[in-house]
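The values are calculated or read from the model by the stated rules, or taken from the named source; none is laboratory data. Every value quoted in this text rests on a predicted model; they were computed, and no experiment measured them. FYI the Cβ positions are ideal-geometry reconstructions off the backbone, even for glycines, and counts take in every protein chain you see. Just so you know, the surface numbers come from the protein's heavy atoms only, side chains and all, with ligands and any DNA or RNA stripped out. Shrake-Rupley method; radii C 1.70, N 1.55, O 1.52, S 1.80 Å.
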There are 2 protein chains.
Amino acid sequence: MATGRNHRPATRSRGIPEATVARLPLYLRALTALSERSVPTVSSEELASAAGVNSAKLRKDFSYLGSYGTRGVGYDVEYLVYQISRELGLTQDWPVVIVGIGNLGAALANYGGFASRGFRVAALIDADPALAGRQVAGIGVRHVDELESIIETNGVSIGVITTPGGAAQQVCDRLVAAGVTSILNFAPTVLTVPDGVDVRKVDLSIELQILAFHEQRKAAESLTQDVPEPLAPGAAAPAPGRDQGPDGDIPAVMPA
Amino acid sequence: MATGRNHRPATRSRGIPEATVARLPLYLRALTALSERSVPTVSSEELASAAGVNSAKLRKDFSYLGSYGTRGVGYDVEYLVYQISRELGLTQDWPVVIVGIGNLGAALANYGGFASRGFRVAALIDADPALAGRQVAGIGVRHVDELESIIETNGVSIGVITTPGGAAQQVCDRLVAAGVTSILNFAPTVLTVPDGVDVRKVDLSIELQILAFHEQRKAAESLTQDVPEPLAPGAAAPAPGRDQGPDGDIPAVMPA
């Protein structure tokens, strides 16, 4: 839109578009993989491909961080890891509680990816008295009766719910009443929260659904590959069967 | 671009942009929540907000499916669930194997969200002989020696890897050699696969990172709320502290 007087986009650090915020962890994941391989710099095209984003969008996103790279050199991997981590708030310590210590709660307690991103599991909480005092991932499980005091003592603002669906809303209400303002919900239910509380629901099948789309396409291609259809003039070439970026685990995105 | 002669976008069913494919599961998640509440129709604005996408992008995405809604009525929820499921390939049965039956593998075996999307757990596989024959989620665990015969017998094309990082590449190589062409990787390692094989890596901390961003912002706002800064002329209004859609679990996306 060119109707306003001020043509510069809003780049205040608090004014980052939500869609950009949602992509920052994808960039961070790709950058961390590069960092682990001691790659010092990366071009916007390489990083965009690894993160599954188109490179124009990546450059726009990074402009909100004040990060523009160096022509002919690209972006400094370590510095960009630091910048994105700082922007996401990951350079500070976030104590979290996990409520519901079944297989999924125990798996998350053991999950290395939390600690490396600044999330410290302050407590594991379960309603089963038989679990209380048991060690999971080196942390003692506490009974849900202690939930409020644990939240207060540890200054916890983020709660992870891994209970069965039927218990999730009640646990959510108690977490919020005790001062938690962000909820990560793994339970198969939609939670209701008051204004000012953020809830994100995890659906572990989303990545599988994307794989199924490609499987379906591969199956259709293998059925037709003996009888190639002639391309109509001006038609787009068929997409390749493999949509992955250079590091083999993140599909590239076609510009929409 | 108005330089080409053919102004109509490519809408062949196999020509859906990758970015659209990645959003289809988000629409499906939001639509399923509406369906569970017996909501019959939904406007593009409501659905876009619930899915965390802007509504112009949603309408563009749905045009690839040939779905345009009805003016003044919106989209038929059940029909759209069917259309998206079909497009993603979820109306067919996808047998999957889960390799590595620790807490995470067991949690996934018990996860209701797979079966409801057409993913049937055909087998659970582990390298520990002590686990073989044990029942998890009503399915007997099989020893990894049987991996190749399980893949062949069940016609499995999708494998889920939940082993420790050190074992993941070897398991991946065996899955691929046995005919698996899509891998969902939960192990903390980057997998190398041949052309024609799709790998998606799950990072369970991504949603937590987005919550941390908002927590950081809420903390900054509560520090400054007693001393409101005057807005500069033409400056954007500050984003509200809560960015959630109407069903309270999916943040809305500001148009970039």
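Peptide A:93-105 shows a mean partner chain C-beta count of 3 within 10 Å per residue C-beta.
In straight-distance terms, cross-link reach from B:Lys201 covers every one of the lysines whose alpha-carbon lies under 23 Å from its own, apart from those fewer than eight places away in the same chain; here that gives A:Lys57, A:Lys201, A:Lys218. Across q = 0.10, 0.15, 0.22 Å⁻¹, region B:94-201 modelled as identical point scatterers on its alpha-carbon atoms has Debye log10 I(q)/I(0) values of -0.23, -0.54, -1.25, in the order of the q list.
Sparse packing (at most 13 other Cβ atoms within 10 Å of the Cβ) combined with a DSSP loop state is found for the following trypsin sites (Lys or Arg not before Pro) in region B:24-57: B:Arg37.
What the Kirkwood sum gives for region A:13-84 is a hydrodynamic radius of 12.0 Å, with every pair of different alpha carbons counted. In a reduced charge model with +1 at each Lys and Arg Cβ and -1 at each Asp and Glu Cβ, region A:94-201 shows a dipole moment near 400 debye about its Cα centre.
Sorting A:205-214, A:47-56 by their mean Cβ neighbour count within 10 Å, with the most densely packed peptide first, gives A:205-214, A:47-56.
Rank B:Val199, B:Tyr111, B:Gly140 by how far each Cα sits towards the positive end of the charge dipole of region B:94-201 (+1 on Lys, Arg Cβ; -1 on Asp, Glu Cβ) and give me just the farthest. After comparing all options, I get B:Tyr111.
In this Cβ point-charge picture (+1 for Lys and Arg, -1 for Asp and Glu), region B:13-87 has a dipole of about 180 debye about its Cα centre.
Relative protection proxy for B:189-201, A:180-192, from highest mean packing down: A:180-192, B:189-201 (other beta-carbon atoms within 10 angstrom). Across peptide A:189-198, the mean count of Cβ atoms from other chains lying within 10 Å of each residue's own Cβ comes to 5.
Under the combined filter of DSSP loop state and at most 16 neighbouring Cβ atoms within 10 Å, region A:5-108 retains these chymotrypsin sites (Phe, Trp or Tyr not before Pro): A:Tyr68.
In region A:35-134, the C-alpha radius of gyration followed by the widest Cα-Cα span (Dmax) gives 18.7, 61 angstrom. Mean per-residue shielding of peptide B:112-125 is 2, counting Cβ atoms of other chains within 10 Å of each Cβ. Buried accessible surface for the B/A chain pair comes to about 7900 Å², total over both chains, computed with a 1.4 Å probe. Accessible surface computed residue by residue for region A:163-216, with neighbouring protein chains in place and a 1.4 Å probe, gives 31 Å² per residue.
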